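Step one of this worksheet: look at the structure below.
The values are calculated or read from the model by the stated rules, or taken from the named source; none is laboratory data. Since the structure is predicted, the reported quantities are computational estimates derived from the model, not experimental observations. All Cβ positions, glycine included, derive from the backbone under ideal geometry; neighbour counts span all protein chains shown.
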């Protein structure tokens, strides 16, 4: 696998996918409270956050506690945020999964 190519693909594809998701839902970037991402690694998530232009409070990085748990990383992140009281009240969130094999998926969730 070509690591730098995967990083480049991820940075470009995830942001572009979120752009398309927000356009389809009629929301702007600043209307999203939380970006809940696959917890691949700190380096990738920090660079993705910078490319997206969002504050650290809106893109939680929790990989140190769980490691890269592949497809379980988003549900684990959600569970940990609920336990800490960080996912209560009405919030609009973008969930973004991505991985090796050049796959990605995004969804919009409104927590009530």
**Item:** Residues located in region 81-112, provided they are exposed (fewer than 15 other Cβ atoms within 10 Å of the Cβ) and farther than 25 Å from residue 10 by Cα
**Value:** 82, 83, 84, 85, 86, 88, 89, 90, 112
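One line per residue, one yes/no per condition, for (1) modelled with pLDDT of 95 or more; (2) part of a helix (DSSP H, G or I); (3) under 17 Å from residue 108 (Cα atoms):
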| position | (1), (2), (3) |
| --- | --- |
| 9 | no, yes, no |
| 17 | yes, yes, yes |
| 23 | yes, yes, yes |
| 68 | no, no, no |
| 72 | no, yes, no |
| 85 | no, no, no |
| 93 | yes, no, yes |
| 97 | no, no, yes |
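Return the residue satisfying two criteria in turn: it lies in region 26-66 and is assigned to a helix (DSSP H, G or I) and in contact (Cβ under 8 Å) with a residue 40 or more places away in the chain, and of such residues it is farthest from residue 94 (Cα to Cα).
47
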**Request:** Identify, by number, the condition in (1) within 21 Å of residue 18 (Cβ to Cβ); (2) in contact with a helix residue (DSSP H, G or I) (Cβ under 8 Å, 6 or more places away or on another chain) that residue 65 doesn't meet.
**Result:** (1)
**Fill in**
Checked against (1) loosely packed, with under 12 Cβ neighbours inside 10 Å; (2) on the phi > 0 side of the Ramachandran plot, residue 71 satisfies every condition except (2)
